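Here the structure comes first, spelled out in C-alpha cells, and everything after it is commentary.
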Amino acid sequence: MDTDLNSKSRQGTVLAELHDATKTFGSRGEPVHAVAGVDLTVRAGELLAILGPNGAGKTTTLNMMTGLSKPTSGSARLFGGDPRDLEARQRMGVMLQASGVPDTLRVGELLTAFSGYYPAPLPLEAIIEGAGLHGLEKRQFGALSGGQQRRVLFGIALSGDPDLLFVDEPTTGLDAEVRRALWATLRDLADSGRGVVLTTHYLEEADALADRIIVLSQGRIIADGTPDQVKSLVPGRRISAESSVTAEQAAHWPAVHHAVHDGTRLELLVSEAEPVVRRLLAQDPFLAGLTVTEPTLEDAFLTLTTSAKESA
Amino acid sequence: MSAKTTTRTTPSTSPASTSMTTPTPTAMITAGAPAARTAMAEHSSAAASGISRGQALRVYRTEAWQELLKLLRIPIFAASTIALPLMFYVIFGIAFGGESSRGVGATTYMLVTYGAFGVIGAALFGFGVSVAVERGQGWMRLKRVVPMPPLAYFVAKVLMSLAIATIIVIAMSALGAIVGGVRLSAGQWIAVSFALIAGALPFSAMGLAFGYLVGPNSAPAVLNLAWLPMAFASGLWIPISELPEVVQSVAPFLPPYHFVQLALGTIGASEGGSPVVHAAAVLAFTVLFLLVASWGYRRDEGRTYG
C-alpha cells in the first residue's frame, strides 16, 4: 500500500491526552466514580484499544477525549487544545455506540450533511466505499438493518477525513465478515498516520488490531502495553472440580493466579493447566467433575484486577 | 492471530474484497486521499481561522434543509399542528362566534386569539417535543462531536416554526375572510399577520426550555398539561374579559396573555395595558426561557442523553 499517499500527522505526534482525568456522576447521594484517575496519550499512527468489561469506564474515557463529557477533575486535551473547540472537532471523527439518527433521513443526505461540516471532507464516493454503503444511498436510515446503521455511523465518522478517529465498540452487532472488513479499514487508517482509538470488550478484537491495549477496570487502568504484553497477563486456563482442596492451599501453588471455593467446587485460573491438574489429582483422590476450559474475559479481568490490588 | 498479519501485510487481499457490499479499505484510501489533499490545500487558510463564512452558510442551509425533510417525510405531524387550530377557529370562532368583543366582530377577535393559539402550539410542540426526542435518541450527541455551530441546529428549528406559523396564519386569515366575514384594512391584515407569525420566536424559546426540562417520552404529555390550561387562562379560546376573575388575575403571569394582547393591539382590540409593558413581558419571558435552555444544554454534557 502506498502509505505516503495520504499520510497525515507525523508518526508519534501527540493527538489526544488525558491527565489524571476523573469523572464522577451523581453529586448528591452516592457518587459513582465512572473514571477514577486515568492518564493516557494517543499518538499519530497508533491504534489504541481500550479494553474492559461493561461499566469499566471505557465510554466515559472516550467521551472525555472527544469533549462530550468534561472531566470532574484532571484535564483532557485534543490536538493541544480544548476538545470542545470547533478546530479540534474538525480534525476528529467519532463513531458513538448509539446515535439516534432520525429514521426519515436518507443515507446520502446524512453523509452529505455531515461532510458539509468539515473544511476538507472526504469525497462522498470515498465515504461510501470506506464504510461499505454501496446501494444504500437512497434508503432511509430507519429502514436499514442494525449492521447497516452501524456502517452509516462509521461513514459519518470518516466523513471529515479525520486525523484522529474514535470508535466506541464499533463491531457490536456486525457479522464476522463485516467486522473483519472494518478491522482492516481501521488498521489502514492507523498505518496511514492517523490515530485510532477504539473501545471493545473483546480481547480478540484488541489483539487482532491494536498497537497498544489499555485495560480498564472500575475506572482505572490496570494494564497498558502491547497485545503480547497484555495477553501474557491473562491466565491460560480455567480449572474447575469438586474437590476438598481449599482455595487457600491452591492459591500458593505455582502457576495459579486466582483460586475460589464455593463449598462444592474449586475454581482456579492458571497459566498452565497440566502441572496444576497433576497436583490436584495427587492431593485429592476423590476429586470429581474436572473441567479445563478457556478462561473468559471476565476471568482475565479478575486476575488483572487482583494483581493490580496486590501491587498497589 | 491471522487477521493481524493479513491486514498489516496485504490489505488488498483483506476479507473485505470477498464481498461486494462490505467495505474495501484500500479503495477508500486511494480514492479519498488525493481529492482530500487538494481540498485541504484550498481550505488551509479557512481551517486555520476555524470556519469560513461560506462554509458556515452552507451548514446553516443544510440544517434547515434537514429539518424540512424530517417535517415533510412525516407529514401528519405538521398537518395536525396546522389543522387543529384551524378546526378550533371554525368550530368556536365562526360557527359559535357569538357577540362582538372589544368593538370588533367575534370572528375577527377569534382570528387573532386562535391564530395565536396555533402559532404558539406549533412553536412549543415543533420545537419542544422535537428537541426532547432528539436529545433522548442521541442525535444531539452526534451533533456535539462534529464541527457544527450548535446555533445552526436551533436556527433551523426556529425557521421551521416560522414556516408553520406562516401557513397557519395565512390559512386562518383566508377562512376568516371567506367564511367568517372578517373585514380588515390592508395595513391591519399585514400588521396582525406579522405580529402573529413573529410569535413563533419567543415561543420557540419556551419550547426549547421545555425540551431541555422534560424527558423524551414524557415531553408531549407534559407539554399538553402545561399548554392547554395556559392557553385557556391567557384568553386564547374565550375572550379574557369573559373568564372568571381568578383566571383574569393569573393571566398577566402567563407569556401567551401578553403576546395575544400585542397581536390584538394591531387591530385595536386589546384589553388595555400598555403595549410596551406587554412587549417587555414577552421579552423577559424569552430571556428567561433561553437561560433555562442554555443551562439544560450545558447540563447534558456527559449525560446518558444530550
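For region B:55-299, what is the largest minus smallest coordinate of the Cα atoms on each principal axis, given in angstrom and ordered from greatest to least?
Projected onto its principal axes, the Cα set of region B:55-299 covers 57, 36, 31 Å.
So what is the relative contact order for chain A, in percent, with contacts set as C-alpha pairs under 8 Å and at least six apart?
20
So, with +1 on the Cβ of K and R and -1 on the Cβ of D and E, and no other charges, what is the size of the charge dipole of region A:235-294 about its Cα centre, to the nearest 20 debye?
Result for region A:235-294 is approximately 100 debye, rounded to the nearest 20.
Along the charge dipole of chain A, pointing to its positive end and built from +1/-1 on Cβ of Lys, Arg, Asp and Glu, which listed residue (A:Pro275, A:Pro83, A:Pro254) has its Cα farthest out?
With unit charges placed on the Cβ atoms, the residue in question is A:Pro83.
Can you pull the Kirkwood radius for region A:180-292, inverse mean 1/r over Cα pairs, to one decimal in Å?
16.5
Find the eigenvalues of the gyration tensor of the Cα atoms of region B:90-182, then list the square roots of 5 times those eigenvalues as equivalent ellipsoid semi-axes, largest first, in whole angstrom.
Those come to 38, 12, 9 Å.
Report, in debye and to the nearest 20, how large the dipole of chain A comes out about its Cα centre when Lys and Arg carry +1 and Asp and Glu carry -1 on their Cβ.
So the magnitude is around 580 debye.
Any number yet on Rg/Rh for region A:23-132, C-alpha, Kirkwood?
Radius of gyration over Kirkwood radius for region A:23-132 works out to 1.01.
How about B:Lys70: which aspartates and glutamates have a C-alpha closer than 13 Å to its C-alpha, ignoring those fewer than 8 places off in the same chain?
A:Asp103, A:Glu109, B:Glu134
Which whole-number percent is the relative contact order of region A:45-195 (Cα, under 8 Å, 6+ apart)?
Once divided by the residue count of region A:45-195, the mean separation gives 31 percent.
State the Kirkwood hydrodynamic radius of region B:171-306 in Å, one decimal place, computed from all pairs of distinct Cα atoms.
This gives a value of 16.6 Å.
Per DSSP H run of at least 4 residues, take -39500 (n - 2.57); add these up for chain A, divide by its residues and hand me the 222 nm value, nearest 500 deg cm²/dmol.
-9500 deg cm²/dmol
With every atom except the alpha carbons ignored, what do you get for Rg and Dmax of chain A, in angstroms?
According to the Cα coordinates of chain A, Rg and Dmax are 22.5, 73 Å.
Please compute the contact order of region A:115-232 in relative form: average sequence separation of alpha-carbon pairs under 8 Å and at least six residues apart, divided by the residue count, as a percent.
Rounded, it is 20 percent for region A:115-232.
With the cut-off at 1.5 for a/c, could you classify region A:235-294 from its C-alpha gyration tensor as rounded, prolate or oblate?
Note, shape of region A:235-294 comes out rounded.
For region A:14-232, with the dipole built from +1 on Lys and Arg beta-carbon atoms and -1 on Asp and Glu ones, taken about the Cα centre, which of A:Gln149, A:Ile222, A:His33 lies farthest toward the positive end?
A:His33
A short reminder: the numbers here are calculations on the coordinates, not readings from a lab. Remember, predicted model here, so these are calculated numbers, not experimental data. Ideal geometry is used to build each Cβ from the backbone, glycine not excepted, and the neighbour counts take in all protein chains shown.
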